[in-house]
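A short worksheet on the structure shown next.
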Amino acid sequence: MKILLVARWPVGGIKTYFRYIYGSPAFSDCEFTLLAPNSGLDELVNHDLPSGRIKLIDAPTSFLAFLKCFRMCVKNNDFDIIHSHGFSASFFTQLSLGAIKKPHLMTAHDVFLPNTFSGFKGWIKRQLMSWVLKKVTKVLSVSEDARNNIYEYFPSLPSGQVINITNGVDTAFFATGVARDLRKELNCAPNRPLIGFFGRFMAQKGFRQIIEAIEILSKSTRVETMPLIVTFGWGGFIREDFELIEKKGLSDYFVQLPGTNNMPAAIKAVDLVLMPSRWEACPLLPMEVLSAGTPIIGTNCIGLREVLQGTPATVVPVNDALGLADAIVQSLSSGDKQFIEYQDIAVKRFSAVKHAQELHALYVDLLKTSIS
């Protein structure tokens, strides 16, 4: 099968999704072309995936230039299926297809929020999104939460239009990873807890709730030794966030490290991972953390709650800094025994193998339907 993948902003979760899913042996009979802006995709295509699995075409970001590039790509290649990733990519793709008859599968990597369609511009956005969701051949969600979210905002969609294949990760990679010696790197005392934050510095990821929780703990006597929050990577509002940390006099409790390509080593190096997200579609990080056997605290937000359900993870309400502070104290005192015991279950439950196999089967079904 020849499949065209389309992505407008292939960063973060979408990029990681490509690595976990399209690296699977399930797609050994597929020929992929990825049309996307080349924002650091060379490493993904040339090193993270099997050789020759995906051919990359660097796409322009402006709509008209993208439309021209897309149509030229479709004209010069006899693709069996077009698979767009993300809402904007799906809209651009469907509009660019025009009268071209090709199966178009779209994957929704995000969810709709109460303010997504507010105001007149939001009303227009909703009409356009409704058109796309009805026009594509199928809509693929990455969690049941995300599927229900689509139907909540677009209840007139046919019941079979949105199908779900829950996300997965390379669980064996995280289970067998070896921890780096962060304490030595940071010259950290053996008894000081290390807490990891692996999210982006965006409002969605809730980093400021961590700042508030640490401020609460710093003013109490509930912890014998104050933990050190270790963050990884740059970008977003990191400058503003660390300025706030300094302003509050909390600099001794936070340290910022460069991003890492060896996530298992970093995850296993900390005593606890915090993920106080405000919303998610189906986050990969908690799957990675649980597969590594590391304790995690998350929120009950959409998407994340589904992943954490039935696991030893502590779940706190969204935007609840006091609850997060309480959970940190409790988790640090409880240790990782429950998470080590759950690790084998996590490795099976969150494996990307099932997702890849089901997606391949969906490709086959779409191709058969288009031919018949």
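Taken together, the values in this text are just the output of simple stated rules run on the coordinates, not laboratory data. Just so you know, these numbers come straight off a predicted model, no measurement behind them. Here the Cβ positions follow ideal geometry from the backbone for every residue, glycine too, while neighbour counts run over all protein chains shown.
Tabulate in residue order the Karplus-calculated ³J(HN,Hα) for the range 151-167, using 6.51 cos²θ - 1.76 cosθ + 1.60 with θ = phi - 60°, rounded to whole Hz; enter x for Gly and Pro.
Here the 3J(HN,Hα) series is 6, 5, 8, 9, x, 7, 5, x, 4, x, 6, 10, 10, 10, 10, 5, 3 Hz.
Sequence-distant or interchain residues sharing an amide H contact under 5 Å with THR107, placed H: which?
Residues meeting the criterion, in which the H sits 1.01 Å from N, are SER84, HIS85, GLY86, LEU140.
Which angle between 0 and 90 degrees, to the nearest 10, do you get for helix 321-334 versus the longest principal axis of the chain when only C-alpha atoms count?
70
Can you tell me the length gained on complete extension of the stretch GLU185 to TYR151, counting 0.36 nm per residue apart and subtracting the Cα distance?
Gain in length upon complete extension: 7.4 nm.
Taking the 0 to 90 degree range and rounding to the nearest ten, how far is the long axis of helix 337-349 tilted relative to the main principal axis of the chain, both from C-alpha atoms?
For helix 337-349, the angle is close to 10 degrees.
What is the Cα centroid distance between the range 242-284 and the range 324-358, reported in whole angstrom?
17
Please give, to one decimal in nm, the separation of the simple spin-label points placed at ASP344 and ASP29, each 7 Å out from Cα toward the Cβ.
Taking the two extended label points, one gets 3.4 nm.
Under a plain spin-label model, where a point goes 7 Å from the Cα along Cα-to-Cβ, how far apart in nm are PHE120 and ILE238?
That separation, rounded to one decimal, is 4.0 nm.
Would you mind checking LYS102/LYS134; LYS101/LYS135; LYS2/LYS348 for any pair whose Cα atoms are more than 18 angstrom apart?
Cα-Cα > 18 Å for LYS2/LYS348; rest within.
How large is ³J(HN,Hα), in whole Hz, for each residue of the range 130-140 in order, when computed from phi with the Karplus curve 6.51 cos²θ - 1.76 cosθ + 1.60 and θ = phi - 60°, using x for Gly and Pro?
Once rounded to whole Hz, the list reads 4, 4, 5, 4, 7, 7, 5, 5, 8, 10, 10.
Please report, in cubic angstrom per residue, the volume enclosed by the convex hull of the alpha-carbon atoms of the chain.
In the chain, the Cα hull volume divided by residue count equals 145 Å³.
Tell me the volume per residue, in Å³, of the convex hull enclosing the alpha carbons of the range 172-349.
Spread over its residues, the Cα hull of the range 172-349 gives 106 Å³ apiece.
Testing the spin-label approximation: label points 7 Å from Cα along Cα→Cβ at GLN309 and THR221. State their distance in nm.
Using points 7 Å along Cα→Cβ, the separation is 4.3 nm.
Only Cα pairs within less than 10 Å get springs; with that Gaussian network setup on the chain, which residue of GLY160, GLY236, GLY86 has the largest fluctuation?
GLY160
Starting from the Cα gyration tensor of the range 266-347, take the square roots of the eigenvalues, sort them a ≥ b ≥ c, and report rounded, prolate or oblate (rounded when a/c is under 1.5, otherwise prolate if a/b is larger than b/c, else oblate).
Oblate.
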